[in-house]
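As structure tokens, the structure follows; a few thoughts come after it.
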């Protein structure tokens, strides 16, 4: 299991729309995320900055699975319109390296 963190940024003025869109995730997208190995996906927003933490079996496999998935394509079009930089699935770059964790 991997835990991956990354940051994205909204376009100015898109905060309320982003929050509204995420109030309900479509059932087919929820299923695709779970099928791709996602166990948990959390997002925090601070102004325009979005911080994501994803627990997933294999992050690279998840991205490859979702890139052309019919449930993900319209979702990405909708979300990318709100982001300062759209995710084009060209790389895994942008993940934040973990520096420290409180041991169990």
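Only the coordinates and a few stated rules stand behind these numbers; no lab work does. This structure is a prediction, so every number in the text was calculated from the model and none was measured. Here Cβ is always computed from backbone atoms with ideal geometry, including for glycine, and neighbour counts include all displayed protein chains.
Counted as qualifying within region 1-57 are the strands (runs of 3 or more DSSP E) with 3 or more residues that are over 22 Å from residue 68 (Cα atoms) and free of Cβ contacts under 8 Å to residues at least 60 places away in the same chain, namely 38-46, 49-56. If the condition is being under 18 Å from residue 5 (Cα atoms) and either part of a loop (DSSP other than H, G, I, E, B) or in contact with a strand residue (DSSP E or B) (Cβ under 7 Å, 6 or more places away or on another chain) (or both), then region 59-83 contributes 59, 62, 83.
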